[in-house]
1. Among the residues of segment 143-160, write down those that are of a type in the set (A, V, I, L, M) and over 18 Å from Phe124 (Cβ atoms).
2. Search segment 5-19 for residues being assigned to a strand (DSSP E or B) and more than 15 Å from Val75 (Cβ to Cβ), and hand back the single one that is farthest from ligand 2 (Cβ to nearest atom).
3. Out of curiosity, is Ala336 among the hydrophobic types (A, V, I, L, M, F, W, C) and surrounded by fewer than 18 Cβ atoms within 10 Å (Cβ to Cβ)?
4. Criterion first (crowded, with 18+ Cβ neighbours inside 10 Å and not assigned by TED's automatic domain parsing to the domain that holds Tyr69) does Arg233 satisfy it?
5. Restricting to segment 179-208, name every residue that is assigned to a loop (DSSP other than H, G, I, E, B), buried (at least 19 other Cβ atoms within 10 Å of the Cβ) and at pLDDT below 85.
6. Name the pairs: first residue in segment 668-695 and without any contact (Cβ under 8 Å) to a residue 40 or more places away in the chain, second residue in a helix (DSSP H, G or I) and small (Gly, Ala, Ser), Cβ to Cβ under 7 Å, at least 6 apart or on different chains?
7. Out of all the residues in segment 127-138, is one or more over 26 Å from Pro499 (Cα atoms) and either β-branched (Val, Ile, Thr) or touching a strand residue (DSSP E or B) at 6+ places or on another chain (Cβ under 6 Å) (or both)?
Amino acid sequence: MAAPKNLRIALAGNPNSGKTSIFNSMTGARQQVGNWPGVTVEKKTGSFTYNGYEIEVVDLPGTYSLTAYSVEERVARAYLVEEKPDVVIHVVDSGNLARNLYLTVQLLELGVDLVVDLNMWDEFAACGSELDRDRLATLIGAPVVPTVGHREIGIDDLLDATIRLFEERVKGHRHVPISYGSHVDDVLNELTDLLEGSQELIGSYPPRWAAIKLLEGDIEITKLLSSDDDRARRIREAAERAARHIEVATKSDPEKVISEGRYGYIEGALKEVLTEETADRMELSRRLDRVFTNRYLGYPIFLAFVWILFQLTFRVGAYPMEWIETFVGWLSTTLAAVLPESMLSSLIVDGVIGGVGSVIVFLPNIMTLFLAIAFLEDSGYMARAAFLMDRVMHALGLHGKSFIPLLVGFGCSVPAIMATRTLESKRDRTLTTLIVPLMSCSARLPVYLLIAGTFFAERAGTVVFVVYVTGIVAAILVGRLFSKTLFRSAPAPFVMELPPYRLPTAKGLAIHTWERSKIYLQKMGGVILVASIILWFLGAFPQNTALTEEYEAEMDALRAVGTEEVLGRIQELEIEAEAAQIESSYIGRAGKAVYPVVRPLGFTWEMGVSLVTGFVAKEVVVSTLGVLYHTRVDGESERSLSDALRDPARGITPLAGFAFMIFVLLYTPCVVAVVAVKREVGTGWMLFSVFYQLVLAWLVSFGVYQIGQLVGLG
Ligand code: GDP
Ligand code: MG
């Protein structure tokens, strides 16, 4: 067999045209996700073999144009010019040809070897319009292939056309220049000739394209020609003359004339090949929008969706959660019974399974939430929600686009912080990242459930609701404060893309949900596993041998008696011994060290320790309390943790319990989230965010506890 030939392709296209769907259909799981160098724009690459070719494909950022105005455009353009992929596939939304072909035209001008992918062909076919594809291919001089990206239809045809183009290119491929009218064309040709003679000045840019860009006033090309070099000066002068000529002849500026020329070309082409049916998809969307983004109806509908979202998350998630809980419980009792009693078995059962197990039970909740969010995103509704929330978000010094990360934050801060990448300005990204952790993530919920269940019985639901609302109010106040002080500039203006509504596909939803859940799983496999082991060591050492032996002796004595009554006493002693060990361990010491700090909030030292360990993951707060209060948090003995907390001797009042929930809500998120903050906005902001949340949590809890006492609540 012949050695595989290499082929590098790039996918270009407007946002939401289906590039990523095509990319996924081509590569399956063989993809890498990273960032483009120097910017926080996601870069997806993948490779696969097809028909004897080893194909490498890259998913370029979505752009409408190839100017140098936005990061996405600069990234896409630099890749095309510098990396020179063998073939560029332009993924086009067939339902929106006029707008999409604007980019096609620019790609043709750039001189890339182009295949036009008429994606969303299913929708185009359904709307009743007709397109003469062969004619279109002839007109623009590029093969045209219909596909349905998210259903993997037409992908092979697309690849066949790509390979054919690649192989035929050697025989001379036709590039169609666009005419911008005689005024522009004349000066353009002159300028192109000049640039052709000075290729080294413009690097790998094709001369005609550089000439057009020069007339458009493109920043990057202008910069390339800004040197003192004689020829550069001559070209600059020629460009200025040409621009003046166009201005005089057309009474309009060159940039505008050129873009009109492109639209004119598209109009002309479409007139020849497209027979349009007027009842298009956008029309249906417009009708739906009249309800969903209605000034009065929009909000209640939106609230209803959010309510359903949370109901689903907690109701539906509860079933698999129970199964996992049962399984983890079974695993630890089985292992405890099988393994000989030793340090190692304690490390495995108490440390690893106890730690990771208490976290993994939330996976169903989180996956359900992510699935629901993916549904809202893929259907197009999320963009409408962001649009509606725009006004509300302005109160925080942000705009509607920041709303999506904040909503994801109710599931898990980590993917939420990563979702801030869709925001264009650094200011908006930083500010959003700072307040995302105030959206109560699902890892904090077990703490609320425990404390509210213990102290507020029937009113627990309402109390938990109040805690969530407190987080939202805190986010609004903090956002306002920061945007008035640290981020004085106004949020970047933006256009919220409102893609047409469509029914999400199972595959798209699965990929979306999985991508986010994966982050959560990785967190468990990595940080939480390591942290659980470290925590276990800190709780097991230094060993208080003298005390342990004393307990052992007493238990042995009782075992010798062996009657029914003493068995209970032995169990009590076991738990007491464990608690005594923890109290004298490193964790116990740390907890006592932070005690003075948390005492004014009404917390016990055990609660102080659990807050320290909660930095690893908020779920760990509950398991730490379980250990410190001499109760294992497994199944039936959960009640006894509540009893222990309620025990008057401990002195925890319902008021202190509430202050504790507020503290857990507001203080520093888990270490994984902190790492995510660092990655997105840098070490400085990461330290700031840790610090401000600690201070905020302490102050608010202090206020709640002290004022509560003053008015006689505690
Ligand atoms: P990108 O922004 O260009 O990467 O677009 P995506 O691949 O994320 O697709 C945007 C949306 O369009 C998703 O909801 C896809 O499921 C959907 N989609 C992609 N290709 C098609 C298609 O051929 N037909 C239809 N009806 N929907 C599609
Ligand atoms: Mg994409």
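1. Initially, segment 143-160 is screened for residues of a type in the set (A, V, I, L, M), giving 144-145, 148, 153, 155, 158-159.
The answer is Leu159, and nothing else.
2. Taking segment 5-19 as the starting set, the residues that turn out to be assigned to a strand (DSSP E or B) are 5-13.
Retained after the next criterion (residues that are more than 15 Å from Val75 (Cβ to Cβ)): 5-9.
Values: Lys5: 28, Asn6: 25, Leu7: 22, Arg8: 19, Ile9: 16 Å.
If we take residues in segment 5-19 being assigned to a strand (DSSP E or B) and more than 15 Å from Val75 (Cβ to Cβ), then Lys5 is farthest from ligand 2 (Cβ to nearest atom).
3. Details: among the hydrophobic types (A, V, I, L, M, F, W, C): yes; surrounded by fewer than 18 Cβ atoms within 10 Å (Cβ to Cβ): yes.
Considered against the rule, which asks whether it is among the hydrophobic types (A, V, I, L, M, F, W, C) and surrounded by fewer than 18 Cβ atoms within 10 Å (Cβ to Cβ), Ala336 comes out as yes.
4. Details: crowded, with 18+ Cβ neighbours inside 10 Å: no; not assigned by TED's automatic domain parsing to the domain that holds Tyr69: yes.
The answer is no for Arg233.
5. Kept after step one, since they are assigned to a loop (DSSP other than H, G, I, E, B), are these residues of segment 179-208: 179-181, 197-198, 203-206.
Still in the running and buried (at least 19 other Cβ atoms within 10 Å of the Cβ): 180, 205-206.
Correct list: Tyr180 only.
6. none
7. Applying the first criterion (over 26 Å from Pro499 (Cα atoms)) to segment 127-138 yields 134-135, 137-138.
Still in the running and either β-branched (Val, Ile, Thr) or touching a strand residue (DSSP E or B) at 6+ places or on another chain (Cβ under 6 Å) (or both): 137-138.
Among the residues of segment 127-138, at least one is over 26 Å from Pro499 (Cα atoms) and either β-branched (Val, Ile, Thr) or touching a strand residue (DSSP E or B) at 6+ places or on another chain (Cβ under 6 Å) (or both), which makes the answer yes.
Quick grid of which residues meet (1) outside the structural domain of Arg429 (by TED's automatic domain parsing); (2) part of a helix (DSSP H, G or I); (3) surrounded by fewer than 23 Cβ atoms within 10 Å (Cβ to Cβ):
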position	(1), (2), (3)
Phe370	no, yes, no
Ala374	no, yes, yes
Asp378	no, yes, yes
Ala383	no, yes, yes
Leu388	no, yes, yes
Met393	no, yes, yes
Leu396	no, no, no
Pro405	no, yes, no
Val414	no, yes, no
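The values are calculated or read from the model by the stated rules, or taken from the named source; none is laboratory data. This one's a predicted model, so the numbers in the text were calculated from it and none came from an experiment. Neighbour counts are summed over all protein chains in view; Cβ atoms, including those assigned to glycine, are modelled from backbone coordinates with ideal geometry.
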